[in-house]
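Here the structure is laid out as structure tokens; the discussion comes afterwards.
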Amino acid sequence: MIVDDIYKNNDKKILIKRNMRSRGILSMRSSIMNFNSNKKIGIIAEFKRRSPSGFVNNENTDIFKYYDVIHNSIAGMSILTEERYFNGNQMDVVSVQRYNIPILIKDFVSNDEMIESSYMIGGDVILLIADFLERDKIEMLNRKIKSLGMEALIEFHDLKAFERITTDENVIIGYNRRNLKTLKIEDESFDAHDLIRSTGLLSVLESGITSENILKMPRYNAMLIGSSILSNDSVLKSAGMIKYDGFGYS
Ligand SMILES: O=P(O)(O)OC[C@@H](O)[C@@H](O)c1c[nH]c2ccccc12
């Protein structure tokens, strides 16, 4: 399975060790809460060159300057740094620090070296995937993340993986509508949100969100959108029309 192959090869990754950070850490949690307090949902816009589910993108990271200026609805950025299946590149993170928007490092992180390197290139938030990491591993990795002053987006797809998530104060919880084992959208986002709400932590809905379905999505604080934005879908305009009323959208 692709995911197993990625994690198995993490120890062989060539990681940037030199400090290329050009600014202090920005809080994704504060950014999302800021949008919510203005009755907006926070949109985390994702940049990736391709994904194993078949998406290919010819844009480069310059497109972020358009979202920031034109839509101003970007609470954060998500940058894929996984090279072998997503054509990711850590230098993409270094280059987007200048937009001064919180950066989520989207990779299959499973060791301290990846967390340290993500800090060095300007990351603010680290993705951890509960479906593929045991609870004590997540706790250990988040201790490292916290020690560097960063936040963690801990995502799950399998509802059973929710119980592995550590509900620490630097944690945001994501629900991935896509099953990374089958690469298919298998949506249990309403049940997932009930689980997340019981923690009192911020919630992010991820994957397969387009202008067609965004208005029907359940009540999350933020949404992480990649392919449809990168394919010039009008999803950002649709997102801007949603009024976040504290307990969801109206
Ligand atoms: O391009 P989409 O369907 O908008 O999906 C974006 C993002 O949710 C997806 O890339 C993703 C969510 N969690 C991940 C974990 C690893 C790699 C990728 C992901």
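Readers should treat all values here as calculations from the given coordinates under stated rules, not as data from a laboratory. Not measured: the values here are computed from a predicted model. Methodologically, a virtual Cβ is constructed for each residue, glycine included, from the backbone with ideal geometry; neighbour enumeration extends over all protein chains shown.
Helices from the chain with mean Kyte-Doolittle at least 1.6 and a Cα length along the axis of 27 Å or more, per DSSP H: which?
none
Would you mind checking segment 97-128 for residues with the amide N under 13 Å from a putative spin-label position 7 Å along Cα→C-beta of Ser147?
The answer is 111-117.
Taking Rh as the Kirkwood radius computed over C-alpha pairs, what is the Stokes-Einstein D of the chain at 4 °C in a medium of viscosity 1.567 mPa s, expressed in µm² per second?
73
Taking the alpha-carbon distance from Lys146 and a cut-off under 16 Å, which lysines remain once sequence neighbours fewer than 8 residues away in the same chain are dropped?
Cα-Cα hits under 16 Å: Lys137.
Taking Cα centroids, how far is segment 166-200 from segment 213-230 in Å?
One Cα centre to the other: 13 Å.
Separation of segment 6-24 and segment 40-59 by C-alpha centroid, Å?
Cα centres, segment 6-24 to segment 40-59: 21 Å.
May I ask you to derive the relative contact order of segment 1-80, considering only C-alpha pairs under 8 Å and at least 6 residues apart, and to give it as an integer percent?
So the answer I get is 31 percent.
May I ask you to give the average projected area over all directions of the convex hull of the Cα atoms of segment 65-140, in nm² rounded to one decimal?
Numbers: hull surface 22.8 nm².
So the Cα hull casts an average projection of 5.7 nm².
Please give the length that would be gained between Glu169 and Lys8 if that part of the chain were fully extended, namely 0.36 nm times their separation in residues minus their C-alpha to C-alpha distance (nm, one decimal).
55.0 nm
Can you list the aspartates and glutamates whose alpha carbon is less than 16 Å from that of Lys13, not counting same-chain residues fewer than 8 positions off?
Leaving aside aspartates and glutamates fewer than 8 places away in the same chain, those within reach of Lys13 are Asp4, Asp5, Glu82, Glu83, Asp107, Asp112, Glu113, Glu116.
Need the full-extension length gain, Leu215 to Met91, defined as separation in residues times 0.36 nm minus the C-alpha distance. One decimal, nm.
41.2 nm
How would Phe162, Phe55 line up from fewest to most surrounding beta-carbon atoms within 10 angstrom?
Lowest count first: Phe55, Phe162.
Taking a virtual spin label 7 Å from the Cα of Lys39 along the C-beta vector, which residues in segment 219-245 bring their backbone nitrogen under 13 Å of it?
Once the point is set 7 Å along Cα→Cβ of Lys39, 241-245 turn out to lie under 13 Å by backbone N, inside segment 219-245.
List the aspartates and glutamates whose alpha-carbon lies under 20 Å from that of Lys65, not counting same-chain residues fewer than 8 positions away?
Glu46, Asp92, Asp124, Asp233
Multiply the residue gap between Glu134 and Phe55 by 0.36 nm, knock off their C-alpha separation, and tell me the result in nm, one decimal place.
25.5 nm
Please state the charge dipole magnitude for the chain, taken about the Cα centre, from unit charges on C-beta atoms (+1 on K and R, -1 on D and E), reported in debye and rounded to the nearest 20.
Values: 33 positive and 34 negative charges, 117 e Å.
It works out to roughly 560 debye.
Which whole-number percentage describes the relative contact order of the chain, with Cα contacts under 8 Å and a sequence gap of 6 or more?
Contact order relative to length: 21 percent.
How big is the C-alpha Rg of segment 165-219 next to the rule-of-thumb value 2.2 N^0.38 Å, as a ratio?
With N residues counted in segment 165-219, Rg over 2.2 N^0.38 Å equals 1.18.
Within a 10 angstrom radius of the beta carbon, how do Arg98, Arg197, Arg18, Arg219 rank from fewest other beta carbons to most?
On the way: Arg98 12, Arg197 15, Arg18 8, Arg219 18.
The most exposed by this proxy come first: Arg18, Arg98, Arg197, Arg219.
By counting other Cβ atoms within 10 Å of each Cβ, how are Leu195, Leu104, Leu236 ranked from fewest to most?
Ranking Leu195, Leu104, Leu236 by Cβ neighbours within 10 Å, fewest first, gives Leu195, Leu236, Leu104.
Using just the helices of the chain, give the 222 nm mean residue ellipticity in deg cm²/dmol: DSSP H runs with n ≥ 4 each add -39,500 (n - 2.57), and the total is spread over all residues, rounded to 500. Mind showing how you got there, number by number?
Details: 9 runs with 69 residues, N = 250.
After summing the helix terms and dividing by the residues of the chain, the value is -7000 deg cm²/dmol.
Evaluate the charge dipole of segment 1-99 about its Cα centre and quote only its size in Debye, nearest 20, assuming +1 on the Cβ of each Lys and Arg and -1 on the Cβ of each Asp and Glu.
Result for segment 1-99 is approximately 340 debye, rounded to the nearest 20.
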